[in-house]
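Here is the structure we will look at, set down as C-alpha cells.
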C-alpha cells in the first residue's frame with residue numbers, strides 16, 4: 001500500500017490497461033464481534049484480533065473482482081468505474097483519461113458493487129498526481145525529496161495465541177457500529193512511520209483513504225501544537241486562490257478528502273522531532289477538540305486508542321525555507337449571484353433506516369417539491385423563519401428515489417449550473433462524493449431535525465426540518481477558509497444542510513454520487529445521475 005503512483009501532465013491523455021491479476025480470495029478476515037466491548041469494558045474496535053467473532057465465510061470465499069474508479073478525474077462515463085462494470089480475475093479493462101483538468105492529487109481505487117469496503121481495505125488503491133505548468137511557475141516542490149504524498153488509512157490486524165499481531169488484515173465491526181474504525185493508523189501502508197526531513201519547507205500531499213474514519217490532524221512538538229508551521233495551498237480540486245492557515249483545531253479530512261500543505265521545518269535543529277496526531281472521535285459528528293489538548297486525545301469511547309499518525313525527524317541538511325506564493329490560482333471563482341439564481345436546484349436527504357435483524361441501511365433520498373400534498377402523507381417539511389418578522393415559510397418534499405437501483409431522477413444538463421442541498425437527517429458526518437466535475441461549497445446551514453418514530457421507511461420519509469440552530473447543537477456551521485476551493489467530496493455534519501454548486505461539463509453519461517464512508521456506500525448510500533447534452537433534453541420524457 002499504496003499501489004503505484006501515476007503522474008500525468010495536464011492536457012496529455014493517459015491510457016491505462018487495468019489487468020486483473022488477483023489470485024485466490026479476499027485476504028481480509030471480516031467479522032462482526034458478538035459484543036461492543038470485551039470483558040474489561042474496552043470497545044472491541046480498539047483491539048486487534050476477531051474479539052470472539054467468526055470470520056465471515058462469504059467474504060472469505062470472495063474472488064478478486066475489480067472495477068477501477070479514478071477519484072477526482074474528469075473522465076468519460078465509459079471509463080469512470082461504474083460500480084457494476086466488473087472485471088474478473090484474468091480479465092482486463094482499458095481506460096482513457098483525457099487529463100483535461102486542473103493539477104491536483106487524485107487517487108484510484110476499487111469500486112465493486114457491495115464490497116468496496118473490503119477491496120479498498122485489502123489494498124486496491126493508489127495515488128494519481130496531475131501536474132501543470134502553473135504549479136511549476138509558482139516554484140512549488142515537485143517530486144522527492146521535498147514533495148511527499150501521504151495516504152492515511154486505519155487498519156486492524158489478526159492476533160496470535162501469544163497476543164502478538166499476525167499481520168493478517170481484519171475488518172471488524174460490532175453490533176452497535178456498522179463502520180470499521182480500526183485502531184492502527186498507517187501512512188503509505190506502514191503503521192506509525194518516521195519520516196526523516198531536512199530543515200526545509202516540505203510539500204505534503206495528504207489524503208484520507210480510510211473506509212470511515214475522519215482525521216483532525218494536529219502537529220505537535222513535545223506537547224504544544226505547531227499549527228503555525230502549516231499552510232494549506234490546495235484541496236481535492238487543486239490549488240486554492242490564496243494560501244490559508246488550517247483551522248485552529250486542526251486539519252479535518254473525512255474519507256477521500258485531500259489537502260496540499262506546505263510545512264516549514266527550516267528552523268529546527270537535527271534530532272528534533274514533531275508528531276502528527278489525530279483528535280477526531282469516531283464515528284465523527286463534527287464535535288470540536290482543542291488543539292492545545294491534542295497530546296491527550298486518546299479516547300476509547302471515541303474509538304481512538306492511538307491518536308499517533310506519524311513522526312517527522314529532522315536530519316542534517318541545508319536550511320531551505322520557501323514561502324507560499326501570495327497568489328496561487330485565478331481559475332476557480334465561485335458562481336455569480338445571477339448564475340445561482342438561474343441554476344437548477346435539487347434536494348437530497350441523507351437518511352438512516354434502523355433495522356432490528358441486520359445492519360442499518362443508509363440512503364440518499366432524492367426529493368421533489370410537493371406543494372399540494374396532504375401534510376399527513378410521508379413528507380419532509382422544511383420550515384424557514386424570517387429573522388425580522390418571525391413569519392414562517394413552509395416547503396414540503398416527497399421522496400422520489402431512495403435506493404441505488406431505483407429509477408434515475410437526476411438528469412443534469414451539460415453546462416447548466418446546479419445547486420444541491422444535502423440535508424442530513426442522521427447523527428453522523430457524511431463525506432459526500434460527486435463523480436465527474438468538482439464543485440464549490442456555498443453554505444453550511446444549521447437545522448433542527450425532528451423525525452417521528454418510523455419516519456424513515458424503505459422509500460417513504462417523514463421529517464420536519466427547521467432552518468435554525470437546535471439549542472442543543474454546539475457545532476459551528478461555517479465554511480472554513482480551506483473549504484473555499486474546488487472539491488469532489490464535502491463533509492455534511494449532523495443537524496446541517498450543505499449547499500454545493502456543480503456544473504457538469506465536457507462529458508455526458510451515467511455517473512454516481514455517494515457517501516464515501518465505504519460501509520455506508522455498500523449499504524445503499526449511493527445514487528446514479530445521468531448527464532445529458534442540452535440538444536437531447538427536449539426528447540426526455
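Read-outs throughout are calculated quantities, based only on the coordinates presented, and are distinct from any laboratory measurement. These numbers were taken from a predicted model, which means no experiment stands behind them. As a convention, Cβ positions derive from the backbone with ideal geometry for all residues, glycine included, and neighbour counts pool all protein chains shown.
Only helical runs count toward this figure. For the chain, summing -39,500 (n - 2.57) over DSSP H runs of n ≥ 4 and dividing by all residues gives -1000 deg cm²/dmol at 222 nm.
Going by the alpha-carbon gyration tensor, a ≥ b ≥ c the square roots of its eigenvalues, is segment 337-539 rounded (a/c under 1.5) or, if a/c is not under 1.5, prolate (a/b greater than b/c) versus oblate?
It is rounded, given that a/c, with a ≥ b ≥ c, falls under 1.5.
Extension gain residue 184-residue 269, at 0.36 nm per residue separation less the Cα-Cα distance, in nm?
Length gained between residue 184 and residue 269: 27.6 nm.
Gain in length, residue 91 to residue 21, computed as 0.36 nm per residue apart minus the alpha-carbon separation, to one decimal in nm?
Going from the current span to full extension adds 24.4 nm.
For the chain, the share of DSSP beta bridges that are antiparallel, to the nearest 5, is 75%.
The fewest-to-most ranking of 541, 223, 287 by surrounding Cβ atoms within 10 Å reads 541, 223, 287.
Going by C-beta contacts inside 10 Å, put 447, 383 in order with the fewest on the left.
Ordered by Cβ neighbours within 10 Å, fewest first: 383, 447.
Classify segment 236-363: rounded, prolate or oblate, from the alpha-carbon gyration tensor (a ≥ b ≥ c, eigenvalue square roots; a/c under 1.5 rounded; otherwise prolate if a/b is larger than b/c)? Oblate, since a/c reaches 1.5 and b/c is not below a/b.
Here segment 136-233 yields Rg over Rh of 1.05, to two decimals, using C-alpha coordinates and the Kirkwood radius. Indicate the gyration tensor shape class of segment 6-147 (rounded, prolate or oblate), computed on the Cα atoms with a ≥ b ≥ c the square roots of the eigenvalues: a/c under 1.5 is rounded; otherwise a/b larger than b/c is prolate and the rest oblate. Oblate. From least to most packed, judged by other beta carbons within 10 angstrom and beginning with the fewest, 66, 25 follow the order 25, 66. Entry note, segment 133-331: relative contact order of 26 percent, from Cα contacts under 8 Å with a spacing of 6+ residues.
The value of relative contact order for the chain, using C-alpha pairs under 8 Å at least six residues apart, is 15 percent. Spatial offset of segment 86-141 relative to segment 328-380 amounts to 28 Å, using the alpha carbon center of each. Taking the Cα centre of each part, how many Å lie between segment 165-207 and segment 450-490? Here the two parts' Cα centres lie 29 Å apart. Using a simple spin-label model with pseudo-atoms 7 Å out from Cα toward Cβ, residue 12 and residue 358 lie 4.9 nm apart.
Summary of the geometry: segment 390-425 and segment 297-314, compared by the centres of their Cα atoms, lie 39 Å apart. A value for Rg/Rh (Cα atoms, Kirkwood Rh) was derived from the coordinates, and within the list [x] 1.03; [y] 0.95; [z] 1.07 it appears as [y].
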